[in-house]
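Enquirer: Before I ask anything, let me first share the structure, which is written out below as structure tokens.
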Amino acid sequence: MTGAVLLGFFALVLGGSGEPSAQDRESAIAALQRRSAAAAPGTAEARAIAAEMGKIGSAMLADGEIGPATELLGEAYGLDQGNGRVLAELTLAYVRAGDLDAARFYLARSGGGADGAPPETYRSLAEEYESLQRLDEAAAAWGEAARLSPEDPATLRRLARVRDELAVSRGQRTLATPHFELFADPGITESSLRAAADGLESAHVRIAADLGTALTRPQIVVLYSGRDYFSLVSVPDWAGGLFDGKIRVSVEAEGVDASASVAVLAHELAHAVLRHAAGDRAPAWLHEGYAQWSSGRRLPRRELPAALAAGAPSSATELEKTLHGPLDRKAARAVYAQALSLVEHLLQTRGDGALACVVAKLGEGASIDEALREETGWTQADLFESWKRWAGR
């Protein structure tokens, strides 16, 4: 098959109206590899082969075929180290494969004369690194995305944000457990770090039993010895923790009982497991109510009148809106108590198992009204009205 005919075949296979079959893809790869055996790296022929290998490798990566994609993109890079698209995709493939050392090796070669790198690949790469709390590499990837798209304000904002976070996270050390990867500031004692890890694992057992599911990949946890990061992202001073995909907690200083921090960690872990179990479809009242309940907080009935005093929401929709809005300490105490009481009512009237069933339905794609109706016979509005009667409002 000649080069021109082969390129036409690839265009048909990769760019046609239908998805190429596995056999077509294997045939295309085999044909490229036969040609590459006779092509000297860096020649026009090698560059053409590398470009086609890169297209197939990119499609494999998008389809989740990480191992084959990494292998093919590596072959392509060997043929043409000046192909920026191949280099970017290869770096991303190694990150997704969990080989961070190899990924760092190739990331260091970005911007060094390789042409045609798509900024969106470096944005994806930066987000992958951020999700792993690899802030140095994330900053480098955002920097490369900004170099390739210097007029994109969103990229420039993300670059500035990760650099700011990096500045307040220098010197963090790590501790890995079966379900968590913890990053701790230098000011956090070893005993506090170990207490946090042990507390998280214990809380995970309890929360997984409540919700009927467990974390399927290590959860990133960041422990700060102060509030510099929280100030950076405008977390109110009444909040000791934050869940934004990572669990972030300000840990008590050395010499102070760390039990309060363990409770905050359990609260934020409940958000993490609930989001995973519900497919990120759980409403804020369920998140905040369950997170408090799972970390051991209970609302005595004598405190209900204060929680339902003037200004209390008149509907689940209003409660949801309030939880998403800015809150001072007093307002936060009241609205969080309302969310806790609503979840307590659900558990007391429909049983502990109802919560896991509702969450499972959310995870299958149901709305909160659909999940509640199927598992409890209520909609959100019905649940809210029943709760108000139960609370004596």
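Enquirer: Condition test on R302, is it exposed (fewer than 12 other Cβ atoms within 10 Å of the Cβ) and in a helix (DSSP H, G or I)?
Expert: The answer is yes for R302.
Enquirer: Another one. Looking only at segment 141-183, which residues are surrounded by 14 or more Cβ atoms within 10 Å (Cβ to Cβ), outside any helix (DSSP H, G or I), at pLDDT 95 or above and among the hydrophobic types (A, V, I, L, M, F, W, C)?
Expert: Residues satisfying the conditions are L175, F180, L182, F183.
Enquirer: When you check L87 against the structure, is it in contact with a Ser or Thr (Cβ under 9 Å, 6 or more places away or on another chain) and either free of Cβ contacts under 8 Å to residues at least 12 places away in the same chain or buried (at least 17 other Cβ atoms within 10 Å of the Cβ) (or both), yes or no?
Expert: Spelling it out, L87 is indeed in contact with a Ser or Thr (Cβ under 9 Å, 6 or more places away or on another chain) and either free of Cβ contacts under 8 Å to residues at least 12 places away in the same chain or buried (at least 17 other Cβ atoms within 10 Å of the Cβ) (or both).
Enquirer: Something else now. Can you name the residue in segment 353-380 that is under 31 Å from the mean Cα position of the chain (by Cα) and more than 27 Å from R206 (Cβ to Cβ) and is also surrounded by the most Cβ atoms within 10 Å (Cβ to Cβ) among such residues?
Expert: This residue is R373.
Enquirer: Another question, if that's okay. Return yes or no: is E19 over 26 Å from R147 (Cα atoms) and either modelled with pLDDT of 95 or more or in the same structural domain as R217 (by TED's automatic domain parsing) (or both)?
Expert: Criteria not met by E19.
Enquirer: Ok, one more. Which one of these is crowded, with 17+ Cβ neighbours inside 10 Å and either more than 27 Å from E120 (Cα to Cα) or without any contact (Cβ under 8 Å) to a residue 40 or more places away in the chain (or both): A39, A44, A62, A48?
Expert: Among A39, A44, A62, A48, only A39 is crowded, with 17+ Cβ neighbours inside 10 Å and either more than 27 Å from E120 (Cα to Cα) or without any contact (Cβ under 8 Å) to a residue 40 or more places away in the chain (or both).
Rundown of residues vs (1) outside the structural domain of A239 (by TED's automatic domain parsing); (2) closer than 25 Å to L215 by Cβ; (3) in contact (Cβ under 8 Å) with a residue 12 or more places away in the chain, yes/no style:
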{"position": "W285", "(1), (2), (3)": "yes, yes, yes"}
{"position": "R302", "(1), (2), (3)": "yes, no, no"}
{"position": "A309", "(1), (2), (3)": "yes, no, yes"}
{"position": "V343", "(1), (2), (3)": "yes, yes, yes"}
{"position": "K361", "(1), (2), (3)": "yes, yes, yes"}
{"position": "S367", "(1), (2), (3)": "yes, yes, yes"}
{"position": "E375", "(1), (2), (3)": "yes, yes, yes"}
{"position": "T379", "(1), (2), (3)": "yes, no, no"}
{"position": "E385", "(1), (2), (3)": "yes, no, no"}
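Enquirer: Among the helices (runs of 4 or more DSSP H) lying completely within segment 40-132, list those that include at least 2 residues that are within 26 Å of D24 (Cα to Cα) and of a type in the set (G, A, S).
Expert: 44-62, 66-79, 84-97
Enquirer: Name every residue in segment 312-333 that is more than 28 Å from the chain's Cα centre (by Cα), touching a residue at least 60 places away in the same chain (Cβ under 8 Å) and surrounded by 14 or more Cβ atoms within 10 Å (Cβ to Cβ), in order of residue number.
Expert: Within segment 312-333, just A312 meets the criteria.
Enquirer: Let me ask another. State which residue is nearest to the chain's Cα centre (by Cα) when the search covers only segment 98-114 and only residues that are closer than 16 Å to G143 by Cα and not hydrophobic (A, V, I, L, M, F, W, C).
Expert: Selected residue: R104.
Enquirer: Say whether the condition of being out of contact with any Pro (no Cβ under 9 Å at 6 or more places or on another chain) and at positive phi is met by at least one residue in segment 324-339.
Expert: Within segment 324-339 (the criterion being out of contact with any Pro (no Cβ under 9 Å at 6 or more places or on another chain) and at positive phi), the answer is no, since none of the residues qualifies.
Enquirer: Could you go through segment 165-175 and let me know if any residue there is of a type outside the set (D, E, K, R), in contact (Cβ under 8 Å) with a residue 40 or more places away in the chain and under 22 Å from L269 (Cβ atoms).
Expert: Yes; the residues of segment 165-175 include at least one that is of a type outside the set (D, E, K, R), in contact (Cβ under 8 Å) with a residue 40 or more places away in the chain and under 22 Å from L269 (Cβ atoms).
Enquirer: Need the failing condition index for W293 against (1) closer than 21 Å to V264 by Cβ; (2) more than 27 Å from the chain's Cα centre (by Cα); (3) not small (G, A, S), just the number.
Expert: (2)
Enquirer: Take the residues in segment 324-370 that are among the acidic types (D, E) and not in a helix (DSSP H, G or I); name whichever of them is nearest to W238 (Cα to Cα).
Expert: So, considering only residues that are among the acidic types (D, E) and not in a helix (DSSP H, G or I), the one nearest to W238 (Cα to Cα) is D328.
The values are calculated or read from the model by the stated rules, or taken from the named source; none is laboratory data. Because the structure is a prediction, the values reported are computed rather than measured. All Cβ positions, even for glycine, are placed from backbone atoms using ideal geometry, and neighbour counts span all protein chains on display.
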